[in-house]
Amino acid sequence: MRGLAMAAVLLLVLSACTSGIGPLRLRIAAGVPGGVYDKLAQTLATAWQADLDIERPQVLQTQGSPDNVDRILLGQAEVAFVAADVAADRYKADPRLAALARIHDDYLHIVVRTESDIRTVRQLAGRRIAIGSPSSGVEYIANQLLKAIDLDGKVTTSKRGLDDSVKALLRGDVDAFVWSGGLPTPTLVAYNDKKSLRLLDIADVMPKMQDLNQVYGTASIPASTYEQPGPVTTLLVPNFLVVPRSMPDDVAEALVRGLFDARPQLAGANPAALSIDVHPGIETQPIPLHPGALRYYRAKKT
């Protein structure tokens with residue numbers, strides 16, 4: 001009887017040791033309230049809390065990708081959602097970043113009014129363009145685009161969020177706006193009920209964009225997505241989940257495991273998460289995978 005009692009005590013101790021990863025407090029740099037990053041971060045925080053038996057991570061409201069990377073490098077967050085182009089450029093200057101996974105992809109939208117005489121992005125010269133919220137990934141990629149087509153300083157720009165950008169375009173306060181997001185972006189669908197918005201094709205400038213950053217891919221937005229006259233060629237930019245390289249390996253491995261275990265909940269929070277999968281998850285070049293994340297993927301034989 002004594003031996004059985006000792007065995008039971010040992011089992012309880014071992015269970016307590018393996019039920020979680022110990023005391024852990026996490027801050028997740030997300031984005032603006034209600035945005036894709038924010039919705040995914042809120043869901044992921046709840047999933048990690050239950051899966052890892054930790055205090056629910058704090059979701060930080062931020063301006064977007066550049067702000068998120070800064071918070072990681074300044075020690076103000078432990079996990080961040082970051083557009084791959086921003087992450088790649090920051091990593092060149094400060095290699096203290098590591099990736100947990102590639103999560104979902106965003107598509108570049110260059111939007112004008114349906115009746116506009118603007119047919120190509122080069123015809124934006126001399127026009128008024130909304131380029132996204134300050135310190136956001138949209139602003140970053142908009143500036144990259146203007147640089148690629150030699151319009152930097154040759155247009156009038158204003159920094160506006162998506163809702164404000166669409167309203168300004170429809171009022172005639174701007175001639176075009178830039179947006180980077182999933183397909184379809186619900187706000188654009190809602191405002192295009194009268195087929196008042198048109199997307200510009202950027203196939204001719206994609207080579208220059210890819211010269212600026214190797215993470216940019218070429219993609220197509222089907223005509224049916226926003227009831228357009230035809231499909232448009234555009235730019236695809238992945239999104240990464242990044243952490244400090246100094247994060248302990250067992251913590252990083254547990255976070256990756258929790259991420260993929262939470263895929264059903266994440267997809268329920270936002271359709272962008274439907275693309276989260278182990279196999280594309282390892283594609284985080286040029287940001288190296290964290291050794292703990294790599295350990296998880298190797299165990300999955302990916």
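The values are calculated or read from the model by the stated rules, or taken from the named source; none is laboratory data. From a predicted model like this one, the values you see are computed outputs, not experimental measurements. Reconstructed Cβ throughout: ideal geometry from the backbone, glycine too, with neighbour counts over all protein chains shown. Calculation scope for accessible area: heavy atoms of the full protein, side chains included, ligands and nucleic acids excluded. Shrake-Rupley method; radii C 1.70, N 1.55, O 1.52, S 1.80 Å.
Quick look at the values:
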{"read-out": "Amide H contacts of GLY31 (H built 1.01 Å from N, under 5 Å, at least 5 apart or other chain)", "value": "ASP38, THR62"}
{"read-out": "GNM result for the chain, Cα springs below 10 Å: residue of PRO288, PRO238, PRO95 fluctuating most strongly", "value": "PRO95"}
{"read-out": "Separation of the ASN143 and ASP204 label points, Cα + 7 Å toward Cβ, nm", "value": "2.7"}
{"read-out": "Inter-label distance for SER158 and LYS300, nm, one decimal - labels placed 7 Å from Cα along Cα-to-Cβ", "value": "4.4"}
{"read-out": "The chain - accessible surface per residue (Å², probe 1.4 Å)", "value": "46"}
{"read-out": "Listed residue (ILE131, PHE177, SER158) projecting farthest to the positive dipole end of segment 79-205, Cβ model", "value": "SER158"}
{"read-out": "Rounded accessible area of SER135 (nearest 10 Å², 1.4 Å probe)", "value": "60"}
{"read-out": "Order by protection proxy (mean Cβ within 10 Å, highest first), peptides 214-225, 176-187, 157-168", "value": "176-187, 157-168, 214-225"}
{"read-out": "Inter-centroid distance (Cα atoms) of segment 128-176 relative to segment 41-68, Å", "value": "29"}
{"read-out": "The chain: DSSP helices with Cα axial extent of at least 27 Å and average Kyte-Doolittle hydropathy no lower than -1.0", "value": "none"}
{"read-out": "Distant-in-sequence amide H partners of HIS104 (H built 1.01 Å from N, under 5 Å)", "value": "ASN239"}
{"read-out": "Magnitude of the charge dipole, segment 146-185, Cβ model with Lys/Arg +1 and Asp/Glu -1, debye to 20", "value": "60"}
{"read-out": "Accessible surface ranking that places the most exposed of ASP85, ASP201, ASP211 first, with a 1.4 angstrom probe", "value": "ASP211, ASP201, ASP85"}
{"read-out": "LEU199, LEU274, reordered so the largest accessible area comes first (probe 1.4 Å)", "value": "LEU274, LEU199"}
{"read-out": "Distance in nm between pseudo-label sites at THR114 and HIS279 (7 Å out along the Cβ direction from Cα)", "value": "4.0"}
{"read-out": "Positive-end extreme of charge dipole, the chain - chosen from ALA47, GLN285, VAL205 (charges on Cβ)", "value": "ALA47"}
{"read-out": "Computed magnitude of the charge dipole of the chain (debye, nearest 20; Cβ of K, R +1, Cβ of D, E -1)", "value": "140"}
{"read-out": "Within segment 217-302, trypsin sites (Lys or Arg not before Pro) in DSSP loop having at most 12 other beta-carbon neighbours inside 10 Å", "value": "LYS301"}
{"read-out": "Relative contact order (percent, whole number), segment 106-224, Cα cutoff 8 Å, 6+ residue spacing", "value": "40"}
{"read-out": "Read-out P(r) over Cα pairs in 20 Å bins from 0, in percent, derived from the coordinates shown; its label in (1) 35, 58, 7; (2) 33, 51, 13, 3, 0; (3) 31, 56, 11, 2", "value": "(2)"}
{"read-out": "Of ALA47, ALA267, ALA93, the one that fluctuates the most in a GNM where the chain has Cα springs shorter than 10 Å", "value": "ALA93"}
{"read-out": "Table column - 3J(HN,Hα) (Hz), segment 222-235, Karplus curve with 6.51, -1.76, 1.60, x for Gly and Pro", "value": "x, 4, 5, 4, 10, 6, 9, x, x, x, 10, 7, 8, 9"}
{"read-out": "Cα-based reach from LYS208 at 22 Å (exclusive), listing lysines while leaving out same-chain residues under 8 positions away", "value": "LYS92, LYS147, LYS154"}
{"read-out": "Whole-number percent relative contact order across the chain, with pairs defined as alpha carbons under 8 Å at least 6 apart", "value": "24"}
